[in-house]
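Single-structure report; data block below.
The values are calculated or read from the model by the stated rules, or taken from the named source; none is laboratory data. Treat the numbers as computed from the prediction; the structure is a model and nothing was measured. All Cβ positions, glycine included, derive from the backbone under ideal geometry; neighbour counts span all protein chains shown.
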Amino acid sequence: MIVNSKGFTGGRKKFDKYEDGNNVEQKFSWWSPKFDKDAITLVRNTLEEAIQPFLADRDGEEEGELTRLKNQFATSDAFSPNSQRGYGSQYFQYGIDDLCRYYGELFDDDDDEVQFKILGTFGYKVEVMHAVLVCSQTNGVGMFSAYPSVLTPEEDVNNEAVVTRDKNGNWVWKPQSTGTVIKRLPDRNVFPKYRRWEHVAFAFHIPDEWEKDKQFMFVPDLKDNLHQIQ
């Protein structure tokens with residue numbers, strides 16, 4: 001149906017409340033990054049440096065324990081999508097810059113620009129989602145004016161932002177939890193065994209004011225960019 005319609009309708013999600021307490025909802029088309037093996041290696045090597053000092057006093061065990069501990073990182077569904085978790089067995093894959101270009105071509109005003117804002121952090125039973133709002137500049141200063149813009153690394157002076165984007169359009173995500181099962185040292189506390197894993201998602205706003213023939217986020221070559229989850 002998605003291929004035949006040539007685009008994505010999005011689903012409604014609450015993002016605010018009216019004065020009478022009723023929910024304010026808009027439609028969003030949700031997309032998540034797909035990480036390659038180099039990204040997984042980068043995560044594990046970075047965290048290896050952080051945990052290595054804790055093994056310095058463990059005679060003869062350091063190398064094996066270090067490998068066992070670091071291999072728990074970058075194992076969540078954010079790094080290895082799992083069709084058994086309910087995401088389906090297929091996905092569409094595009095570069096984020098391409099998606100934003102296709103999205104911006106749908107704006108009514110040719111001078112309007114794509115804007116990135118922090119939609120929020122949403123906690124679920126086994127996962128935490130950091131949502132980046134992708135919208136027009138018009139709606140960014142309108143209905144979404146209360147939401148902060150995505151910071152550049154230079155603007156993130158306290159190094160607290162989970163997601164940043166530099167002036168060249170490069171994205172950086174800094175998750176705290178990248179696995180689902182905790183492996184601890186034998187002499188450390190063994191609880192809890194499980195934890196919630198983090199992922200980041202881009203929510204492309206599908207405005208209600210778009211005319212009927214533009215209620216989709218149109219994306220070219222859908223069939224050619226359809227893949228099967230392994």
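Residues in region 8-29 that are within 23 Å of the chain's Cα centre (by Cα) and small (Gly, Ala, Ser): Gly10, Gly11, Ser29.
Quick check on region 132-151. Is at least one of its residues among the aromatic types (Phe, Trp, Tyr), exposed (fewer than 15 other Cβ atoms within 10 Å of the Cβ), modelled with pLDDT under 95 and in a loop (DSSP other than H, G, I, E, B)? No, that holds for no residue. Residue pairs whose Cβ atoms lie under 7 Å apart, separated by 6 or more positions or on different chains, with the first residue in region 4-23 and free of Cβ contacts under 8 Å to residues at least 60 places away in the same chain and the second in a strand (DSSP E or B) and charged (D, E, K, R), are Gly11/Lys27; Arg12/Glu25; Arg12/Lys27; Lys14/Glu25; Asn23/Lys14; Asn23/Lys17.
For first residues located in region 26-55 and on the phi < 0 side of the Ramachandran plot and among the charged types (D, E, K, R), partners that are at pLDDT below 85 and loosely packed, with under 13 Cβ neighbours inside 10 Å and lie 6+ apart or on another chain with Cβ distances below 8 Å form the pairs Lys27/Asp208.
Just checking, does region 111-127 include any residue being over 30 Å from Gly179 (Cα atoms), without any contact (Cβ under 8 Å) to a residue 60 or more places away in the chain and surrounded by fewer than 13 Cβ atoms within 10 Å (Cβ to Cβ)? Can you show your working first?
To start, the set of residues in region 111-127 that are over 30 Å from Gly179 (Cα atoms) comprises 111-115.
Going one step further and asking which of them are without any contact (Cβ under 8 Å) to a residue 60 or more places away in the chain, we end up with 111-115.
Keeping just the survivors that are surrounded by fewer than 13 Cβ atoms within 10 Å (Cβ to Cβ) gives 111, 113.
Yes, that holds for at least one residue.
Being touching a Leu at 6+ places or on another chain (Cβ under 9 Å) and assigned to a loop (DSSP other than H, G, I, E, B) is the filter here, so list the residues in region 158-167 that pass it. Walk me through how you get there before you give the answer.
Going residue by residue through region 158-167, those that are touching a Leu at 6+ places or on another chain (Cβ under 9 Å) are 161, 163-165.
Ala161, the sole residue that qualifies.
Residues in region 128-163 that are among the aliphatic types (A, V, I, L, M), more than 22 Å from Pro33 (Cβ to Cβ) and without any contact (Cβ under 8 Å) to a residue 40 or more places away in the chain: Val141, Val157.
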